[in-house]
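Working notes, structure below.
All of the numbers you see were taken from the coordinates with simple rules; none came from a lab. Note that the structure is a prediction, hence the values are computed from the model and not measured. Here the Cβ is made from the backbone with ideal geometry for all residues, glycine too, and neighbour counts use every protein chain on show.
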Amino acid sequence: MLKKIFLYSTFLMVMGCATVPITGRRQLSLVPAAEMQQMSYASYKQVLDTAQVINNSQSTAMVKRVGGRIQRAVEQYMAQNNLSDQLAGYAWEFNLIQDKQVNAWCMPGGKVVVYTGLIPVARDETGLAVVMGHEIAHAIAKHGDERMSQGLLQQLGGATLQAALGSNPGLTNNLFLTAYGAGSQLGMLAYGRKQESEADELGLIFMAMAGYDPQQAISFWERMASGKNGQAPPEFLSTHPSDATRIADIQRHMPEALKYYKK
């Protein structure tokens with residue numbers, strides 16, 4: 001029996017693989033995009049229904065403007081690389097929520113939230129583009145799908161995916177909430193270090209294609225680092241890269257990102 005489960009799990013890992021755009025990394029992907037988007041849209045609506053959404057402000061206009069430019073850059077990149085099918089079902093949306101968290105996030109299907117606490121740290125459109133490009137990159141790279149697929153494989157073992165989704169919707173919903181970092185209302189775990197670094201790489205290219213100087217990402221992350229007042233945990237205790245590692249990686253990816261930047 002254990003052998004059968006092992007063979008079935010191996011089969012899922014082989015058949016349920018996807019490739020991350022730009023980096024080419026292979027990843028586990030067991031959940032259909034339509035299923036992810038359905039859960040995403042329901043959770044996004046729940047967040048907006050229970051939060052203080054800021055409308056008709058200069059910051060709101062900036063969030064929507066930056067989001068729209070990055071959206072068009074993503075769509076352009078995917079079209080140029082024959083990957084537009086990966087955006088099927090996307091219904092982009094950009095909202096600003098009143099919350100002191102210095103944070104933002106993007107769910108499957110292009111559902112984005114920026115918290116007001118991020119605006120002073122971002123300072124301007126370019127600073128905001130650093131974060132929004134990074135968060136949208138998580139969705140384009142299907143990092144939450146990858147985390148959820150790993151959870152399904154770990155917790156449901158030899159069960160078929162359809163049986164898992166049908167017989168235990170509570171578990172699959174909890175795995176979704178864990179996989180996507182949508183703020184305190186949904187209570188999420190952070191992405192892994194590899195995924196964070198990958199989102200930095202993709203995000204630089206997306207912001208550059210949107211017309212924002214990717215070199216400004218370095219000063220933004222330096223501001224983020226200085227705001228921690230030395231309270232960040234050691235890198236080996238964190239799922240995120242250390243500030244020094246993140247900045248070094250960004251500098252390493254900068255020559256490639258600059259190829260996409262036109263002033």
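State whether one or more residues within region 101-122 are of a type in the set (Val, Ile, Thr) and within 26 Å of Thr19 (Cβ to Cβ).
yes
Could you please find all residues in region 98-113 being closer than 14 Å to Val131 by Cβ and under 9 Å from the mean Cα position of the chain (by Cα)?
Hits for region 98-113 are Trp105, Cys106.
Does Val47 count as farther than 22 Å from Leu202 by Cα, of a type in the set (Val, Ile, Thr) and part of a helix (DSSP H, G or I)?
Answer is yes for this residue.
Take Met78 and tell me if it is in contact with a Ser or Thr (Cβ under 8 Å, 6 or more places away or on another chain), in a helix (DSSP H, G or I), in contact (Cβ under 8 Å) with a residue 40 or more places away in the chain and on the phi < 0 side of the Ramachandran plot.
The answer is yes for Met78.
Can you name every residue in region 19-54 that is under 18 Å from Gly89 (Cα atoms), in contact (Cβ under 8 Å) with a residue 12 or more places away in the chain, surrounded by fewer than 20 Cβ atoms within 10 Å (Cβ to Cβ) and over 16 Å from the mean Cα position of the chain (by Cα)?
Residues satisfying the conditions are Ala34, Glu35.
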